[in-house]
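Structure record follows, encoded as structure tokens.
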Amino acid sequence: MKILKFFLASSSELENERIQVQLFFQKESNRLIDQGIFPKLVVWEDLKHTFRQDRIQDYFNQEMLDCDVVIVLFGKKLGEFTLEEFTLAWERIQNNEPKPKELFVFFKDISISGKDKQGLKTYQDVIALQEIIKKKHQLYCDYENPDQLLSQLKKQCDQIIDELTTKPQKIINKPTPPTNNIVDDKTLRITYLKKVLIETGMVYLSGIDPNAAGDKNDSLNIGSIYTALLTQSAEETDHKELKKQGNRLSALSMLNKHNNLVLLGEPGGGKSTFVNFVAFCLAGELLGDKIANMEILTKPLPDDEGKDNEKKQEFHHGPLLPVRIILRDFVARGFPDKTAPGNASDLWNFIEKELIEGKLEAFIPHLDKELKTNGGLILLDGLDEVPEANNRRTQLKRIVEDFSSTFSNCRILVTGRTYAYQKQNFRLQGFKESVLAPFAKGQIIRFVEQWYKHIAEIKGMHIDTARGNAEILKRAIFSNKRLKELSERPLLLTLMASLHAWRGGSLPENREELYADSVDLLLDWWERPKTVKDITGKILVLQPGFMEWLNTDRSKVRSLLNELAYHAHKNQPELVGTADIPEEKLASGMMNLCHSNDANPNRLLEYLRDRAGILVSRGIGVYTFPHRTFQEYLSACYLTDKQFPKLIAELAREEPERWREVALLAGAKAARGSHGNVWMLSEALCYRAPDDKKTDTKDLWGAYIAGQLLYESGNTKNVEEYDKPKLDKIKNWLLHIIQNNTIPAIERSKAGNILSQLGDIRDDVITLEKMKFCFVPSGKFIMGSDKKVDSDAQDYEMPQHEVDLSDYYISKYPVTNAQYQYFIDDEGYLNESYWEEAIRDNKWKKGKIKSKDWSFGSSKEKWYDGPSNYGDPFNFCNHPIVGLSWYEAVAFSRWLTERWAKKKILAKNETVRLPTEAEWEKASRGGFEVPQKPIIIKIDGQEEISFEKIENKSPQQIYSWGNHEDTNKMNYGDTEIGSTSTVGCFSSGSSLYGCEEMNGNVWEWCIDWYGDYKQNNMINPIGPDTGSARVLRGGSWYNNARNCRSANRNRNSPGNRDDLLGFRLALPRGHQGKSQA
């Protein structure tokens, strides 16, 4: 017997041709075996998809080079890996290597619209390759459809066969078909398990994000990205405990506890992925696989930070033999006649047919014995995919219940949509029900980190780049409430990650595009015909596409959905969640669009109930959108076509909480047509200046939304002259908003972010020479804590003692990104005169600083040529600079001293430096005496300062403003901003000297080494002479209130950096600035 190996190479856009070629070889195999030739077709999908030391494509290439014939198909684009395979095979043939012997190349005739610029660009590469082949005097074949392809392929193959059969062969004996006696049970079992491993081991993104189709890396290893699912079921029976996140059981734990389980969830909730993952791990364990096994199956659940909990998930039943059945396939290929009652034999007959189709007929007796004797795990996926028509679901209920009785040693898992299972007459007897919970924070973090780790492996991305991208995506998700809510559904989180990794999607700035893509995807699912393939590969249609059935076009359905969304949103009593859409209203609207003679309302409702998509059933007679985001987006689509911009502007100003997001999405959608639409809407939202006496709350919110609209959708870098007054008006409004406490702190911080992107108008925040400093007059203050006064006092803050300080100035705000950028642009990192301590400690070399960044979980030092980049909003110009070490803060102060001395702003002996720990604490809590009102100077002015002192009645106050934490006065953990904030957003939390942001926002480096307090009375202390850590003060956006107290102390190695660490500056008393008192 002569084995002839063929390798099929093509991108996944030619999936239909790939299937047809595989079917062709199956049909040809019997004929060729009679001629003493066994044709074996190798496709990359059937190769082992596991982690490897080398690149996975190198493994595919090696398999290809072991084949006799390579078949390459090209469509409208070359495909990175298809081209690589073609090139490698051609080179081998040119070099007269033993294999491959033949290279067959086929090009599909493609018609591309002139409007499809991207399609034209990629097809030009295809044409260029054809020209190269012609110049090399080689041949290729063109084909228009699969039939032509197969016809030409058969001719080519026949010529090879003729050559082989006309030459003497060493072995020409006709093979004896294998029998059950020849293949032992162990071999059959291994073959079956490998089949399960291959079928369940990959996640194909072409079914999630159509834009990923055509990329061979649109398939991901399920074991690498799977994140364990939680259920609503709790460990205790006391239902009062259900609200405790930690008590929720995982889906695996529920499967462990119950012999028969129905796992319910919403569309995209992860039900099918769980089924595949369990089968993948069990099959891998039985095969001894290093990637798929019980270890990965029972991996601990993630905690709130995405790290492993100490305890593994429970599964005490060992590696059960998995049998996975997609119920939609069962209905198509194995369901009994509608008049039959249905029993276990129907499902078993289907299992037998599937095994026969997979060339595993001999395994049937072994499987029957195994399941009845030792048991196994039967996985029935997609209960809701079985239509209600013709009593099919009742039949299935009987079949599953009878199968459970017949194979009583087996455990059975059934999955389905929550609503589809709610009807009492359809519930399975003897089955426990459990509902999947949305992804929690830790699960989202775990998924994103695993996603990018796997992307790095299969795309050749550097691991540091992958970690950085993961951090940016996580911050985008958690800084936007709606994106966070979307990410709670695994499928939509996968879509977001796919857009982010494959198409460079920037989140959340382009969220309107993300929502548009998501809506289109949900509509695709909704209107897609339900199909399966029979044993011959023929497509069977269970239900036609929704639009096809209605005999209408998609645009009309979309218009109806827009209108339904708008009225539902407008009349919804609550401002959270999604609105109810009555079944009769939906059915009436759809039937008005229908042009089909066969359609009727009852059949229509069956279609709607049975399909996941843009509308889902909430209960009997009620529909809703899968998430509020889609309701808002479709409402925005409606309003862009109705009295735009007047109507949406009126709605947003009148009721901002309900209509703000709709207005932003409407503006973003309108901007696709013209940026002028954005300016029209912004003017309709904000037509009064902040100093207009007629202004009210509507104007404030209108300005806020207008600013956010320009930030997200406007082209503010090239503003027309007639639009500049509009922009200036909005900027002034934003400054007014952040400096007043009219709206909550989170909204003020967002207004500050918007102001940053539109252009902050405060020269003291974005320039150096206009920087403001607060005067702290000489005198004593109380330093440290007293546990009798402060219950949060720590031992390292004691003993409390008096300190006497000379006059000094301290900057009003921490140094901002805009201000630090001057140092970078002036090549401050390259000037060794600024880096005395860093050079001494071997931390500076040739313009780079050696530092550890703890934000990315790295304990290794790296060389940096600037601060770390944590993405938006950390790098906004009016935010405090973070991601730098103590060395960098000191270098900046030396550089600034030199700059200001040259500009005659500082006297000869004056220096800018970091404040001492004592100076910092006094500026935050106040001395025994303080100025009657804050004295704030601009550094570039010269003016004598005169002031009166008054007694400070609270010299031991815990915070800059008093003794109680306040989310309106500082940016800390409970404020829930989740990042640094624009300086100036917390003016009500300023100190008695006018210093802002002393509590929260960022930890601030001080000049001192860290050491214990040793004296009760000190004058101008500067800390120990040496040490291992420098002082940090003030707490940050991440910390709790205790860490943000004025007396709280912290420390860090001077070479460390992260996204919590910044600094402010101090000046000696000798300077006379321009008073702002």
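Take residue 103 and tell me if it is among the aliphatic types (A, V, I, L, M), modelled with pLDDT of 85 or more and not in a helix (DSSP H, G or I). Yes.
Among the strands (runs of 3 or more DSSP E) confined to segment 745-812, the ones with at least 1 residues that are under 30 Å from residue 728 (Cα atoms) are located at 772-776, 808-811.
Taken together, the criteria exclude residue 855 from residues that are part of a loop (DSSP other than H, G, I, E, B) and either touching a strand residue (DSSP E or B) at 6+ places or on another chain (Cβ under 9 Å) or of a type in the set (Val, Ile, Thr) (or both). If you check 921, 898, 888 for being assigned to a helix (DSSP H, G or I), of a type in the set (D, E, K, R) and closer than 24 Å to residue 854 by Cα, only one passes: 888. Scanning segment 856-905 for residues that are of a type in the set (S, T, N, Q), under 15 Å from residue 475 (Cβ atoms) and surrounded by 17 or more Cβ atoms within 10 Å (Cβ to Cβ) turns up 868, 875. Selection over segment 568-594 of residues that are surrounded by fewer than 16 Cβ atoms within 10 Å (Cβ to Cβ), in a helix (DSSP H, G or I) and within 31 Å of the chain's Cα centre (by Cα) gives a count of 1. The selection criterion, being modelled with pLDDT under 70, over 30 Å from residue 674 (Cβ atoms) and not basic (Lys, Arg), holds for residue 598. Once segment 1015-1060 is narrowed to residues that are of a type in the set (A, V, I, L, M) and either buried (at least 18 other Cβ atoms within 10 Å of the Cβ) or touching a residue at least 60 places away in the same chain (Cβ under 8 Å) (or both), the residue that is farthest from residue 800 (Cα to Cα) is 1060. Within segment 79-102, if we keep just the residues that are buried (at least 20 other Cβ atoms within 10 Å of the Cβ) and of a type in the set (A, V, I, L, M, F, W, C), the residue that is farthest from residue 221 (Cα to Cα) turns out to be 89. Only one of the numbered conditions (1) in contact with a His (Cβ under 8 Å, 6 or more places away or on another chain); (2) surrounded by fewer than 19 Cβ atoms within 10 Å (Cβ to Cβ) is violated by residue 622, and that is (1). Quick one: would you say residue 690 is not in a loop (DSSP other than H, G, I, E, B) and not hydroxyl-bearing (Ser, Thr, Tyr)? Here the answer is no, as residue 690 does not meet what is asked.
Using the structure shown, decide if residue 670 is more than 31 Å from the chain's Cα centre (by Cα) and outside the structural domain of residue 604 (by TED's automatic domain parsing). Spelling it out, it is not the case that residue 670 is more than 31 Å from the chain's Cα centre (by Cα) and outside the structural domain of residue 604 (by TED's automatic domain parsing).
In the list 709, 651, 700, which residue meets the criterion of being within 27 Å of residue 876 (Cβ to Cβ), buried (at least 17 other Cβ atoms within 10 Å of the Cβ) and in contact with a Leu (Cβ under 9 Å, 6 or more places away or on another chain)?
Criteria check complete, one pass: 709.
If only residues of segment 778-795 that are surrounded by fewer than 15 Cβ atoms within 10 Å (Cβ to Cβ) and either among the acidic types (Asp, Glu) or touching a residue at least 12 places away in the same chain (Cβ under 8 Å) (or both) are counted, the one that is farthest from residue 1048 (Cα to Cα) is 778. Quick check on segment 252-270: of everything there that is part of a helix (DSSP H, G or I) and touching a helix residue (DSSP H, G or I) at 6+ places or on another chain (Cβ under 9 Å), which residue is nearest to residue 447 (Cα to Cα)? If we take residues in segment 252-270 being part of a helix (DSSP H, G or I) and touching a helix residue (DSSP H, G or I) at 6+ places or on another chain (Cβ under 9 Å), then 252 is nearest to residue 447 (Cα to Cα).
The values are calculated or read from the model by the stated rules, or taken from the named source; none is laboratory data. Quick caveat: nothing in here was measured; it's all calculated off a predicted structure. All Cβ positions, glycine included, derive from the backbone under ideal geometry; neighbour counts span all protein chains shown.
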